[in-house]
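Report on the following structure.
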Amino acid sequence: MYVPAYFKIDDWPEVIRFIRENPLATLISRGEENPVATHIPLELEAAGAGRTILSGHMAKGNPHWKLFEDQPQALAIFLSPIQHYISSSWYNRPNVPTWNYMSVHVYGRLRIVEGEALRKSLERMTHHHEQISSRPLTPDVLHSEIEKQIGGIVGFEIDIERVEAAYKMSQNRNDEDYANIIKELKKLDDYNARMVAKKMSEIRRID
């Protein structure tokens, strides 16, 4: 991913927070003729000995997983829903428009996991996401449902080798332009615009 210095994020705890808040990833592998992509949630986990992995699973009916053995190098792209068009009319002099967004790219080597390792991964992922429910699945029900479904999925882990993170939020603009972009975004009847304005206000405080 091309990341100009203005937008580069090197803070690993911030990257971890971003991935955990935006777990739906686009997993990309090299296919025989074209890249192959699948949209799936991935969990960031510590794997001991200083290793960090992404874990996930996909339906066995999805042919993507058949590439894993011969093409283990993978790219997982995480995107925030906080994104919006930025009009050049909001600058104090003529310029080109742009788009503000936040993204993390994770590169690594993928391997299939099975048996108890897959069961534990599914339990951790489901337990984590069930916390939003007022009646989360109990451990016994969770275990029972996983046992029913496990034959129809393929589990995997990605050993993280490289991470690139970009928060493109107009940091390259001067204070006057930056403040005006925030003001114009707040005027729009649009949730994404308001969220971009909020994030920009957090990144650079303009009084």
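The values are calculated or read from the model by the stated rules, or taken from the named source; none is laboratory data. This is a predicted model, so every value here is computed, not measured. Neighbour counts are summed over all protein chains in view; Cβ atoms, including those assigned to glycine, are modelled from backbone coordinates with ideal geometry.
Report whether or not residue 19 is touching a Pro at 6+ places or on another chain (Cβ under 6 Å) and either in a helix (DSSP H, G or I) or surrounded by 13 or more Cβ atoms within 10 Å (Cβ to Cβ) (or both).
Judged against the criteria, residue 19 is not a match.
Is it true that residue 122 is within 20 Å of the chain's Cα centre (by Cα) and surrounded by 16 or more Cβ atoms within 10 Å (Cβ to Cβ)?
Yes; evaluated as a whole, the condition is true for this residue.
Can you pull out every residue in the stretch 115-148 that is touching a residue at least 12 places away in the same chain (Cβ under 8 Å) and among the aliphatic types (A, V, I, L, M)?
117, 118, 122, 125, 142, 146
If you check residue 131 against the conditions, is it surrounded by fewer than 11 Cβ atoms within 10 Å (Cβ to Cβ), modelled with pLDDT under 85 and closer than 22 Å to residue 40 by Cβ?
Spelling it out, residue 131 is indeed surrounded by fewer than 11 Cβ atoms within 10 Å (Cβ to Cβ), modelled with pLDDT under 85 and closer than 22 Å to residue 40 by Cβ.
Can you name the residue in the stretch 88-139 that is among the polar types (S, T, N, Q) and part of a loop (DSSP other than H, G, I, E, B) and, of all such residues, is farthest from residue 28 (Cα to Cα)?
Out of the qualifying residues, it is 92.
Considering only residues that are among the β-branched types (Val, Ile, Thr) and touching a residue at least 12 places away in the same chain (Cβ under 8 Å), look in the stretch 89-114 and name the one that is nearest to residue 68 (Cα to Cα).
Result: 112.
When only residues in the stretch 149-187 that are free of Cβ contacts under 8 Å to residues at least 60 places away in the same chain and of a type in the set (A, V, I, L, M, F, W, C) count, which is nearest to residue 117 (Cα to Cα)?
Selected residue: 150.
If I filter the stretch 17-63 down to residues being among the β-branched types (Val, Ile, Thr) and at pLDDT 95 or above, which single residue comes out as nearest to residue 121 (Cα to Cα)?
Out of the qualifying residues, it is 40.
Within the bounds of the stretch 140-153, is there any residue that is part of a strand (DSSP E or B), modelled with pLDDT of 85 or more and either acidic (Asp, Glu) or closer than 28 Å to residue 73 by Cβ (or both)?
yes
Quick check on residue 77: is it assigned to a loop (DSSP other than H, G, I, E, B) and within 30 Å of residue 194 (Cβ to Cβ)?
Answer is no for this residue.
Going by what's in this entry, would residue 53 be described as touching a strand residue (DSSP E or B) at 6+ places or on another chain (Cβ under 6 Å) and closer than 18 Å to residue 161 by Cβ?
Here the answer is yes, as residue 53 does meet what is asked.
If residue 206 passes every condition in (1) at pLDDT below 95; (2) closer than 16 Å to residue 91 by Cα; (3) assigned to a helix (DSSP H, G or I) but one, which one does it miss?
The one condition residue 206 does not meet is (3).
Looking at (1) in contact with a strand residue (DSSP E or B) (Cβ under 8 Å, 6 or more places away or on another chain); (2) closer than 27 Å to residue 200 by Cα; (3) not β-branched (Val, Ile, Thr), can you tell me which one residue 89 breaks?
Going through the list (1) in contact with a strand residue (DSSP E or B) (Cβ under 8 Å, 6 or more places away or on another chain); (2) closer than 27 Å to residue 200 by Cα; (3) not β-branched (Val, Ile, Thr), residue 89 breaks only (1).
Checking residue 78 against (1) touching a Pro at 6+ places or on another chain (Cβ under 9 Å); (2) surrounded by fewer than 16 Cβ atoms within 10 Å (Cβ to Cβ), which test does it fail?
With respect to (1) touching a Pro at 6+ places or on another chain (Cβ under 9 Å); (2) surrounded by fewer than 16 Cβ atoms within 10 Å (Cβ to Cβ), residue 78 is out only on (2).
Quick check on the stretch 26-53: of everything there that is without any contact (Cβ under 8 Å) to a residue 60 or more places away in the chain and aliphatic (A, V, I, L, M), which residue is farthest from residue 73 (Cα to Cα)?
The extreme case among them is 49.
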